[in-house]
Amino acid sequence: MDKMKKHKRVIGLIYLIFLLLLINYVGEADALFIDQENLPNTVGTAYVDITATPTLGGTDLFNISDMLPGDTYTRNVEIDNAGNTDLEFAITVTNMASPLFNSPDGLHLIIKDESTTVVYNGLLNNASTILRSFLSTDSPKVYTFILSLPLTADNTLSNQNSIFTFHFNAEQLIKGRSL
């Protein structure tokens, strides 16, 4: 029994010492020198912005009401990358539901780049995707569009109207990918 009391006293004494040390530590102020450095971060994404402007002004590239077999019309379009990243663009044509498109003697299109290299030469109805090309920022390109109605156009193409649209579709150029 004495051993038991002695053991309880030792445990009680250890507990008391632990409690006193804890109270002393909590009441004590530890002074440390500290420093902090902040690195602010800003992340922005690129934006793609292509413009296609007829050099004659206006919004229509071609607005022709009296085209005859053998007529040829030439227009220039300036394509500019107004975004902040290099891009790839494609020229496509839609709304080609007219005899002027579906006839083998229908509208013919030639497109030349700035170096006068022909990048498309064929019937307009075969031109769903005419061109894919690279365009860097602040480096506009001028393309020449030549639209003609062949001399072989017959009377089935007389008094026809057609509305079609050239689309200039841009997408960012993926880093590391080449055209």
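Looking for whichever is of a type outside the set (S, T, N, Q), at pLDDT below 75 and in a loop (DSSP other than H, G, I, E, B) here; the options are A29, A46. Which one fits? So that I can check it myself, show each step before the final result.
Working: A46 fails: at pLDDT below 75.
The unique qualifying residue is A29.
Once segment 52-63 is narrowed to residues that are among the small types (G, A, S) and closer than 26 Å to L123 by Cβ, the residue that is surrounded by the fewest Cβ atoms within 10 Å (Cβ to Cβ) is G58.
Restrict the check to segment 57-79 and report whether at least one residue is assigned to a loop (DSSP other than H, G, I, E, B) and of a type in the set (F, W, Y). Before you say what the answer is, go through the steps one by one.
Start the filter on segment 57-79 by keeping residues that are assigned to a loop (DSSP other than H, G, I, E, B), which leaves 57-71.
Narrowing further to those that are of a type in the set (F, W, Y): 62.
Yes, there is a match, as at least one residue in segment 57-79 is assigned to a loop (DSSP other than H, G, I, E, B) and of a type in the set (F, W, Y).
Scanning segment 80-97 for residues being assigned to a loop (DSSP other than H, G, I, E, B) and under 26 Å from N125 (Cβ atoms) gives a total of 3.
Please find, among D86, D49, D66, D80, the residue that is under 24 Å from G106 (Cβ atoms) and either exposed (fewer than 10 other Cβ atoms within 10 Å of the Cβ) or acidic (D, E) (or both). If you could, list the steps in order and put the result at the bottom.
Details: D86 fails: under 24 Å from G106 (Cβ atoms); D49 fails: under 24 Å from G106 (Cβ atoms); D80 fails: under 24 Å from G106 (Cβ atoms).
After applying the criteria, what remains is D66.
Restricted to strands (runs of 3 or more DSSP E) entirely inside segment 99-177, those with at least 1 residues that are surrounded by fewer than 14 Cβ atoms within 10 Å (Cβ to Cβ) are 118-123, 129-135, 165-172.
The values are calculated or read from the model by the stated rules, or taken from the named source; none is laboratory data. This is a predicted model, so every value here is computed, not measured. Positions of Cβ are backbone-derived with ideal geometry, glycine not excepted, and every protein chain shown enters the neighbour counts.
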